[in-house]
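Trainee: Just dropping this structure here.
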Amino acid sequence: DSVEHSEGSRHTSAHPLRAELPQIVGCIRFASATALSTLIHAKIRDKVPLPRCQDLPDDLFGIPTVADQVVAVSHGWTHQTHPDPHGVKMRVLASHLDKWIEDHSAQEDSRLFIFLDF
């Protein structure tokens with residue numbers, strides 16, 4: 001599920017996060033909710049933890065525009081080397097992602113992105 005970048009969107013104005021905080025470009029990456037959901041469900045099925053953000057494929061990420069919604073997910077790490085080595089939080093996140101995607105599906109010309117701190 002490749003993510004279309006802002007140049008291909010009807011709305012090319014910067015998302016308010018980028019407009020107000022231009023320094024986030026290159027520091028924070030926003031995952032397509034549908035692509036992230038697909039990946040998480042595959043990891044749950046395969047019983048393996050979610051890889052680190054920097055190890056995810058680049059096509060999972062996109063650049064939000066003014067028409068897009070961004071959801072930030074923050075959580076505590078219970079282990080020093082991985083936020084969720086047993087996939088407990090991943091299953092909870094999958095449930096929330098599915099709900100957010102369903103709720104957002106009626107909004108035409110708007111994409112849903114996730115910022116996940118991992």
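The values are calculated or read from the model by the stated rules, or taken from the named source; none is laboratory data. All values derive from a computational prediction rather than experimental measurement. Heads up, the Cβs are rebuilt from the backbone with ideal geometry, glycines too, and the neighbour counts pull from every protein chain shown. Each accessible area value is taken on the protein alone, full model and side chains, heavy atoms only, with ligands, DNA and RNA left out. Shrake-Rupley method; radii C 1.70, N 1.55, O 1.52, S 1.80 Å.
Trainee: Being acidic (Asp, Glu) and closer than 22 Å to residue 27 by Cα is the filter here, so list the residues in region 37-83 that pass it.
Mentor: Within region 37-83, 55, 58, 59, 68 meet the criteria.
Trainee: Continuing with this model, one more query. Identify all residues within region 71-88 that are under 16 Å from the mean Cα position of the chain (by Cα), at pLDDT 85 or above and of a type outside the set (Gly, Ala, Ser); write none if there are none.
Mentor: Listed by number, the residues that qualify are 71, 73.
Trainee: Could you grab me the full set of residues in region 52-70 that are at pLDDT 85 or above and either open to solvent by 50 Å² or more (accessible area, probe 1.4 Å) or farther than 12 Å from residue 32 by Cβ (or both)? Write out each step before concluding.
Mentor: At the first step, the residues of region 52-70 found to be at pLDDT 85 or above are 55-70.
55, 57, 58, 59, 63, 65, 66, 67, 69, listed by residue number.
Trainee: Another question about this same structure. I need every pair where a residue in region 1-24 that is modelled with pLDDT under 65 has its Cβ under 6 Å from the Cβ of a residue that is loosely packed, with under 11 Cβ neighbours inside 10 Å, sequence separation at least 6 or different chains.
Mentor: 10/109
Trainee: Any residue in region 103-118 that's among the polar types (S, T, N, Q): show its pairings with residues that are open to solvent by 50 Å² or more (accessible area, probe 1.4 Å) at Cβ separation under 8 Å, as long as the two are six or more apart or on different chains.
Mentor: Between residues of region 103-118 that are among the polar types (S, T, N, Q) and residues that are open to solvent by 50 Å² or more (accessible area, probe 1.4 Å), the close pairs are 107/69; 110/69.
Trainee: Restricting attention to region 71-98, which residues are under 19 Å from residue 38 (Cα atoms) and either aromatic (Phe, Trp, Tyr) or open to solvent by less than 40 Å² (accessible area, probe 1.4 Å) (or both)?
Mentor: Residues of region 71-98 under 19 Å from residue 38 (Cα atoms): 71-73, 84-98.
If the condition is that a residue be under 19 Å from residue 38 (Cα atoms) and either aromatic (Phe, Trp, Tyr) or open to solvent by less than 40 Å² (accessible area, probe 1.4 Å) (or both), then 71, 73, 84, 87, 90, 93, 94, 97 are the ones that fit.
Trainee: Here is a check on your reading of the model: is residue 39 at pLDDT 90 or above and either farther than 23 Å from residue 103 by Cβ or not β-branched (Val, Ile, Thr) (or both)? Spell out how you get there, then give the answer.
Mentor: Values: at pLDDT 90 or above: yes; either farther than 23 Å from residue 103 by Cβ or not β-branched (Val, Ile, Thr) (or both): yes.
So residue 39 fits the description; yes.
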